[in-house]
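Worksheet: the structure to be examined is printed underneath.
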Amino acid sequence: MSAQKYSPDKLRLEVVIPVYNEEKDLPRNIATLHDFLRQNCGYDWRIVIADNASVDHTPQVSRELAAKYERVRYLRLPHKGRGRALRHAWLTSEADIVSYMDVDLSTDLRCFMPMIDKLARSEAEIAAGSRYQKGAQVQRGMKREIFSRGYMALIKMFFGCGFSDAQCGFKAATRRAVQTLVPLVENQGWFFDAELLLLAEHYGFPIFDMPVIWTDDPDSRVKLAQTVSEHFIGLMRMRLAFSTGFAATPANANVAEAYA
């Protein structure tokens, strides 16, 4: 099977922003992202605010943004979970390429189009921002740096993976990769990213590691203790599944086999 070929003038791109209680950051950062895409993206693009059960004024703010900008859409989910928000937004999208980034825009937007263009040229099926690839520039506190590097060392020890950063909130995928892999992802929270990448590599989907410019958000909502526990359980589950041969099989087996 040959790789999917995209016509640049017809390619549809969707950028998902998963949010939970982000009433303060949304107006400024959606405006920044909208202006960036308007000036730099030659594809047919849309922004989707995927709200996973916010209890502040995020719904109202999001609806106002969707009314203000023609290319912004608001999606409301009744239950929490970043992975749940991404799963629903990506699987219901009709775009050729879907992506997501954190609402704080910690990753410099100048890194976005090179990542999308890589998928548009059919040179990869998944693209992941990396803070550890050569050329990446990162500013963050020591505590999170130690946790992140230790986490990736654990993943590499367990799985010998080729990708270098599982948790950077800056990723994209082709519709084919999404339709094949996302239904297999069990986690509904923060482990969603790592599970998606591990499944992609397990089934031979090409992954592009994109070095990024990244600045830590001091107001991050990530709770390290809870996140560490969630990720460790997820890694143990996948390690067992892969080692015993009980890993989930894509419904479209022919697609996965084409990349094996």
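The values are calculated or read from the model by the stated rules, or taken from the named source; none is laboratory data. Everything quoted here is computed from the prediction, not taken from an experiment. For neighbour counting, all protein chains shown are included, and Cβ atoms are generated from backbone atoms with ideal geometry for every residue, glycine included. With ligands, DNA and RNA removed, areas are computed over all heavy atoms of the protein, side chains included. Shrake-Rupley method; radii C 1.70, N 1.55, O 1.52, S 1.80 Å.
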Counting DSSP beta bridges with both ends in region 103-212, the antiparallel % (nearest 5): 40 percent
Three-way shape label, region 24-80, alpha-carbon gyration tensor, a/c 1.5: prolate
Antiparallel DSSP beta bridges within the chain, as percent of all bridges there, nearest 5: 25 percent
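I need the shape label for region 1-152. Rule: rounded when a/c is under 1.5, else prolate if a/b > b/c, else oblate, with a, b, c from the alpha carbon gyration tensor.
Verdict is oblate for region 1-152.
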Per residue accessible area in Å² of the chain, where ligands, DNA and RNA are left out and the probe is 1.4 Å: 47 Å²
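Given Cα pairs under 8 Å that are at least 6 residues apart, what percent is the relative contact order of region 21-97? Could you put the intermediate results ahead of the total?
Numbers: 75 pairs, mean separation 25.8, N = 77.
Contact order relative to length: 34 percent.
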Debye, to nearest 20: dipole size of the chain, +1 on Lys, Arg Cβ, -1 on Asp, Glu Cβ: 140 debye
Accessible surface of the chain, 1.4 Å probe, proportion on carbon and sulfur as whole %: 52 percent
